[in-house]
Amino acid sequence: MSFTYDDVGATRERGYCPPGFHPMNVRTRIGEGEPVFRRASEAVLTWEMHRAMGVGIDASADRAEPGVDVTVTLAGLIKAPCRVVWTVEEHRRAGWAYGTLAGHPECGEEAFVVERTGDGTVWLTVSAFSRGAKWYARAGGPATRGLQHAYARRLGTTLRRLCAPYEEP
């Protein structure tokens with residue numbers, strides 16, 4: 001199955017949004033310190049963050065890697081097939097992005113990246129570019145984009161909760 005858009009991997013470039021797509025960038029403070037960063041990175045890379053939020057994840061591997069197929073199920077009704085297009089695991093940065101496949105309600109790419117800044121603060125950034133692919137996503141217009149932003153904010157809240165026990169005093 002092939003991707004439903006041309007700019008595969010473009011979420012690696014911060015702020016890039018292809019013509020005809022809607023950008024999204026939601027940044028959430030997760031906590032402070034190396035233990036929080038390690039915990040957040042693992043939760044993001046192993047689908048735990050998504051599952052803890054209540055999203056169904058059916059992945060062809062236990063960890064995000066390029067080429068892994070992932071079907072996200074929302075509310076038990078909407079199935080969204082995707083494929084991981086890139087991953088990053090560095091000293092202060094970890095995460096991945098997936099691109100949409102045929103059958104996904106949206107068309108585009110979404111990235112989930114945890115970063116630890118120089119002052120030790122840990123952030124989750126959810127960035128995407130998308131446009132409606134199914135009739136109901138197109139018909140939703142701004143409401144659909146509002147739901148995407150709410151989803152990204154809820155991921156941040158979920159990850160912060162998962163990492164709270166690792167916060168340095």
Discussion item. Looking at the chain as a GNM with Cα springs under 10 Å, which of G15, G31, G99 has the largest mean-square fluctuation?
Written reply: G15
Worksheet item: Looking only at A111, A128, A137, which one moves most when the chain is put into a Gaussian network model with springs between Cα atoms under 10 Å?
Response: A137
Worksheet entry | Inter-label distance for A139 and A102, nm, one decimal - labels placed 7 Å from Cα along Cα-to-Cβ | 2.4 nm
Worksheet entry | Overall form of region 105-169 per C-alpha gyration tensor (a/c, 1.5; a/b vs b/c) | prolate
Worksheet item: Which trypsin sites (Lys or Arg not before Pro) in region 28-65 pass both tests, a DSSP loop state and at most 16 other beta-carbon atoms within 10 Å?
Response: R63
Worksheet entry | Size of electric dipole in the chain: Cβ of Lys, Arg +1 and of Asp, Glu -1, about Cα centre, debye, nearest 20 | 580 debye
Item to complete: Place +1 on the Cβ of every Lys and Arg and -1 on the Cβ of every Asp and Glu in the chain, take the dipole about the Cα centre, and give the residue among I57, W135, Y151 whose Cα lies farthest towards its positive end.
Response: W135
Response to the item:
Taking R0 as 35 Å and r as the Cβ-Cβ distance between S2 and R38, the FRET efficiency 1/(1 + (r/R0)^6), rounded to the nearest 0.05, comes to 0.50
Worksheet item: Could you give the angle, 0 to 90 degrees to the nearest 10, between helix 142-163's Cα long axis and the longest principal axis of the Cα atoms of the chain?
Response: 30 degrees
Worksheet item: Using the beta-carbon distance between R154 and R92 and R0 = 22 Å, what value does 1/(1 + (r/R0)^6) give for FRET efficiency, to the nearest 0.05?
Response: 0.35
Worksheet item: Considering the chain as a Gaussian network with a 10 Å cut-off on Cα pairs, which listed residue, W123, W135, W47, attains the greatest mean-square fluctuation?
Response: W135
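Read-outs: derived from the displayed coordinates by stated rules, not from any lab. Note that this is a predicted model, so its numbers are computed, not measured. Note that we place each Cβ from the backbone using ideal geometry, even for glycine, and neighbour counts take in every protein chain shown.
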